[in-house]
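Engineer: Dropping the structure in here first, questions after.
The values are calculated or read from the model by the stated rules, or taken from the named source; none is laboratory data. Because the structure is a prediction, the values reported are computed rather than measured. With ideal geometry, Cβ positions are generated from the backbone for all residues, glycine too; neighbour counts draw on all protein chains shown. Heavy atoms of the whole protein, side chains included, go into the accessibility calculation; ligands, DNA and RNA do not. Shrake-Rupley method; radii C 1.70, N 1.55, O 1.52, S 1.80 Å.
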Amino acid sequence: MSLRARTNGWFEQRFPVAGIRAGLEKQMHKLLPPHVSWLHTLGGMLLFLAAQQILTGILLMVYYRPTTEDAYESVRFLMLKATFGWLIRGLHAWGASLMIAVLVLHMLRVFIMGAYKRPRELTWVGGVLIFFTTLGFGFTGYLLPWNQLSYWATTVGTEVVASVPQIGHSLGVLVRGGEAVGQETLARFYTMHVVVLPWLLVFLIVVHIVMIRTQNLAPLEAVGEERPLDPRTAVSFAPQHTSRELVVFPLFFALMIALVILFPPEIGVKADPTVTPEGIKPEWYFLPAYQFLKYLPKLVGLALSAVPPMLLLFWPFLDRTRARRPSGRKLSVALGLGVVLATLLLGLVGYLSESERTILGKRVRFDMYGVPELVHEGH
Amino acid sequence: MPNEHEPPAASPNESNRRDFLERALGAGAAVWAAGIAVPTGIYLWPAAASGPTKKYIELDPESQAPGTGRVLGEGGKPVLLLRQKNGEFRALSAVCTHLGCVVHWNAEQQQIQCPCHAGTFTPEGAVVSGPPPRPLASYPTQLVAGKLRITT
Amino acid sequence: MGLAALVSLVLALAAQTAAVTKPNSCVACHAEAAKLEAGRPHAQADIGCVACHGGDATQTQKDAAHAGFHGKLEAQAIVELCGNCHADVARMNPYGIPTDQLAQYKTSRHGQALYEKHDASVAICSSCHGAHGILGPKSSESPVHPAHVAQTCGRCHADESLMKAHGLAATAPAEYAKSVHAQLLAKGDSSAPQCATCHGSHGAIPPGFQSVAAVCGKCHMREKELFQKSPHAPLVESGDFAGCIVCHGNHAIRPAELGIYARVCGLCHAAAPEVLGKRDRIAQALGSSDALLASSVSEFDAAAGHGLASDEDQLFLDEARTGLRSARVLQHGLDPAQVEELTGEARGLLGELHQRLEKESAAQRWKRLALAPVVAFLLLMSLGAWVRFRRLHNQA
């Protein structure tokens, strides 16, 4: 008997191999609704990105040191001395931003196709929780290089937490591990980033995939009018849909490598708690919220900024309409697109605020509200 | 249920092209996997003898003759290494405590001098004259496995 | 043990206060002055009211207490009174206070005006040190603490009408306030020069032409050494050139900058092209090195931000900076060759730094080169997968 056959036999005597194999094959060749398209590859890309972040994260942990004395130096070591360290770090840093960007696109696709509607409300909720977890990864990870941007952006972020009425101060102390950002903060953020959030993410992702697999992808018919899949028009997961993912995957990977090489992440200047740089800002995915908070008094802003995440989380329970096809729900689609665009715009204003730029040859200074003002020479 | 993943019968040319494509993609995937695995392996091989938090300078003790001194840059900040006539080493910060110029060793006068405002220090780093307000910090030195180690 | 210590402490404190409140009837009416004196050096040394003002502090009845009281003394008498005690070596020794104040004062312009012209409008001991509650110059509240000297001198020397009466300008304090020295003092560097540093305190006199370099040279020793070897030095001897203050000013000393060359040299040497030529060489050597340093610093910072600058690179920058700072000192010898040599060395270091940074970023360039084949490979994979996709979909 061949080695392969012998190995198979050994396992067959102990486990229901045939049943497992049949189950896997069924999953692989599962039929998907005929409208499944290139837009449905976003989820697969997210899975790849999550795996990549975990892998590059593990590799980074080999050389990163989570103490205030050594963190910055260890990142420098990674960039300068560790072979391919720049690549691992670059992939991790860009991977983070791309994961959030692709997440937003994926959520937008799901929203536009009404796929969150009954019976898939919990899949949407789980997805939004994954989104929050990813933002948590971004927030905790950003502190780890311990440069000026990290330190002060985290200070600003934890200040927002600490400004919650009544419990704010205690919350702030809990998050920071003290009254100010320091070694304790670094230790807590590191623990969250490297253990707590990864386990949470993996759990949420597994649940998300199990739910999708058991309920199958949402069709385009309205709720209650779903038709069973016609084998003549249905698309197989493998090899038909996976062949799409195989086209997109190398392109995506190429984009990542290009970003890492052409726009390598900075090391910055080592964190100095005594020197506050001008115009500190959080990472791009927090800019909309950050800018929003500037326009309103503290408590009003905080209360209002809790509304969009809640709306996002509970949307399937608020939108009880039954149409799924985008052409049949133009208002919803417009709303969804509008919200994303408005958020991006707010983020852009946040990016421009408190900075001086040259626009069309003129020096323009934007104040903290984003209002531009021409800078006159010799001021 | 028809098995869609089994390709229908095709002409030999087509099936050759198909096989070639599948094999080529498979080979490409293998190259890709190697392209990920190999850098990862190299990355994990310790790049520098002491990892990211090297906090000392190591050098050959005989590279400094007795009675001489020189400024080293490898430690992240300038370090003045002096070797006394009796062979003993002393390592001091080479940053003048006045305005931060790099000091140097004047072997004739057996003094540490700062070229900027004529601050002078004893070989132990104490201020002799000039504007420096504080003495030069000193770093411990030790001989470890035949090498001079300065802990900065 | 602790109780004994406590008791002795209490007794000691009582003894202290007793020293001031030892039968001192003056306090009964002159409480203000006594309050000022309490705890201050004179009171602690048992110098009471009577020592300076006369009278009898043991008498509680006014007329008896005022027996021999001479109240506020005249200017010269005050000087003699303070001066004679403070000139007594045996008396001052335990306190470590110098005893030359009176002798110095007599040589000062203030002293000369007072003794020879009996001009009582000049400064005397109490003008600067105060009369009651006198603190030593090292106390931060003393009017003669380095941080306050300029303000104290300014009380008279910024008073236009008073200065005019003595034929002096009243601009010095205002000018000094603009100077780099005043700024250093304000930042808390009490070794920075104030009025007394250059003019003397008790022997206050404006330095003569010949002594300007010596005065500035107290701190700027290297510059003075070099200046003495420069072509300007003999002119100071002959009284044709006032030394440091010609280029740097005397009170409103601003940080030295290359513009001085353009503004000042021509005032004397307008008709001497070889001199101006030397000036140009020096200014050029320094100016172009400054520009090179600035661009090296930004190149270095950009590289460091990307983690491409090593510690050795930082040392090159530091040594170049040191070299250029030394060149700034060296220029006082007014020898273009010397300056050019030093700036040349610094520029060499900066050139090396640039090469090192270039090499480090060139090492980065190979990454961009590698990008092309990697992206090409991935595009090819995508293309192959696309062909496969079309085939699969055409079959369905």
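Engineer: I'm checking my understanding of the structure. Among residues of segment C:351-362 that are surrounded by fewer than 20 Cβ atoms within 10 Å (Cβ to Cβ) and within 14 Å of chain B (Cβ to nearest Cβ), which one is farthest from A:VAL75 (Cα to Cα)?
Structural biologist: This residue is C:GLU352.
Engineer: Could you please tell me which pairs satisfy a Cβ distance under 6 Å, a separation of 6+ or placement on different chains, a first residue in segment C:111-134 that is more than 19 Å from C:ALA51 (Cα to Cα), and a second residue that is among the β-branched types (Val, Ile, Thr)?
Structural biologist: Taking only residues 6 or more apart or on different chains, the pairs are C:ALA113/C:VAL122; C:LEU114/C:VAL122; C:CYS128/C:VAL144; C:CYS128/C:THR152.
Engineer: While we're looking at this one, here's another question. Select the helices (runs of 4 or more DSSP H) contained entirely in segment A:69-149, then report the ones holding at least 1 residues which are more than 14 Å from every other protein chain (Cβ to nearest Cβ) and closer than 24 Å to B:ILE36 by Cα.
Structural biologist: A:85-112, A:121-143
Engineer: Identify all residues within segment C:63-104 that are surrounded by fewer than 12 Cβ atoms within 10 Å (Cβ to Cβ) and among the aromatic types (Phe, Trp, Tyr); write none if there are none.
Structural biologist: Of everything in segment C:63-104, just one residue is surrounded by fewer than 12 Cβ atoms within 10 Å (Cβ to Cβ) and among the aromatic types (Phe, Trp, Tyr), namely C:TYR95.
Engineer: Among the residues of segment C:311-348 satisfying the criterion of being at the interface with chain B (Cβ under 10 Å from one of its Cβ atoms) and of a type in the set (Gly, Ala, Ser), which is farthest from C:VAL275 (Cα to Cα)?
Structural biologist: That would be C:ALA320.
Engineer: Return only the number of the condition from (1) over 24 Å from the mean Cα position of the chain (by Cα); (2) closer than 30 Å to A:ALA218 by Cα; (3) not charged (D, E, K, R) that A:ALA334 does not satisfy.
Structural biologist: Failed condition: (1).
Engineer: In addition: Considering each residue of segment B:59-87, count those that are in contact with a Ser or Thr (Cβ under 9 Å, 6 or more places away or on another chain) and away from chain C (no Cβ under 14 Å), and give that number.
Structural biologist: 2
Engineer: If you don't mind, there's one more thing I want to ask. Assess whether A:THR154 counts as being surrounded by 16 or more Cβ atoms within 10 Å (Cβ to Cβ) and either closer than 24 Å to A:LEU59 by Cβ or not charged (D, E, K, R) (or both).
Structural biologist: yes
Engineer: Quick one: which of A:LEU255, A:LEU299, A:LEU293, A:LEU262 is within 22 Å of A:TYR351 (Cα to Cα) and either more than 8 Å from every other protein chain (Cβ to nearest Cβ) or small (Gly, Ala, Ser) (or both)?
Structural biologist: Exactly one residue qualifies, and that residue is A:LEU293.
Engineer: Residues of segment B:130-147 being small (Gly, Ala, Ser) and open to solvent by 90 Å² or more (accessible area, probe 1.4 Å), which ones?
Structural biologist: Listed by number, the list holds a single entry, B:ALA145.
Engineer: Follow-up. Please state which one of A:ILE280, A:ILE267 is under 28 Å from A:TRP94 (Cβ atoms), modelled with pLDDT under 90 and touching a His at 6+ places or on another chain (Cβ under 7 Å).
Structural biologist: Of A:ILE280, A:ILE267, the one residue that is under 28 Å from A:TRP94 (Cβ atoms), modelled with pLDDT under 90 and touching a His at 6+ places or on another chain (Cβ under 7 Å) is A:ILE267.
Engineer: Identify all residues within segment A:210-241 that are in contact with a helix residue (DSSP H, G or I) (Cβ under 8 Å, 6 or more places away or on another chain), part of a helix (DSSP H, G or I) and under 27 Å from A:LEU129 (Cα atoms); write none if there are none.
Structural biologist: A:MET211, A:ILE212, A:ARG213, A:GLN215, A:PHE237, A:HIS241, listed by residue number.
Engineer: Tally the residues that are loosely packed, with under 15 Cβ neighbours inside 10 Å and touching a residue at least 40 places away in the same chain (Cβ under 8 Å), restricting the search to segment B:81-109.
Structural biologist: The total comes to 1.
Engineer: Could you check segment C:231-350 for helices (runs of 4 or more DSSP H) lying wholly inside it with 3 or more residues that are crowded, with 16+ Cβ neighbours inside 10 Å and in contact (Cβ under 8 Å) with a residue 40 or more places away in the chain?
Structural biologist: Ranges flagged: C:273-305, C:311-330.
Engineer: Right, something else. For residues that are assigned to a helix (DSSP H, G or I) and either more than 35 Å from the chain's Cα centre (by Cα) or among the polar types (S, T, N, Q) (or both), tally how many sit in segment C:23-76.
Structural biologist: Of the residues in that region, 18 qualify.
Engineer: Provide a single number: the residues in segment A:153-195 that are outside any helix (DSSP H, G or I) and aliphatic (A, V, I, L, M).
Structural biologist: Result for segment A:153-195: 4.
Engineer: Within segment A:31-45, does at least one residue satisfy the condition of being more than 23 Å from A:ALA101 (Cβ to Cβ), facing chain B (nearest Cβ under 9 Å) and modelled with pLDDT under 95?
Structural biologist: Yes, the conditions are met somewhere in segment A:31-45.
Engineer: Next question, about the same structure. Counting only residues that are of a type outside the set (Val, Ile, Thr) and outside any loop (DSSP other than H, G, I, E, B), which one in segment B:112-140 is farthest from the other protein chains (Cβ to nearest Cβ)?
Structural biologist: B:SER138
Engineer: In segment C:176-185, what residues are open to solvent by less than 60 Å² (accessible area, probe 1.4 Å) and in a helix (DSSP H, G or I)?
Structural biologist: Passing the criteria: C:TYR176, C:VAL180, C:HIS181, C:ALA182, C:LEU185.
Engineer: Tally up the residues in segment C:381-393 that are at the interface with chain A (Cβ under 8 Å from one of its Cβ atoms) and either within 12 Å of A:ILE257 (Cβ to Cβ) or exposed (fewer than 15 other Cβ atoms within 10 Å of the Cβ) (or both), please.
Structural biologist: Selection size over segment C:381-393: 1.
Engineer: Just one of (1) open to solvent by 20 Å² or more (accessible area, probe 1.4 Å); (2) at the interface with chain C (Cβ under 9 Å from one of its Cβ atoms) trips up A:SER236, so point out which.
Structural biologist: Here A:SER236 clears every test but (1).
Engineer: Kindly provide the set of residues from segment C:369-379 that are more than 8 Å from chain A (Cβ to nearest Cβ) and open to solvent by 70 Å² or more (accessible area, probe 1.4 Å), ordered by number.
Structural biologist: C:LEU369, C:PRO373, listed by residue number.
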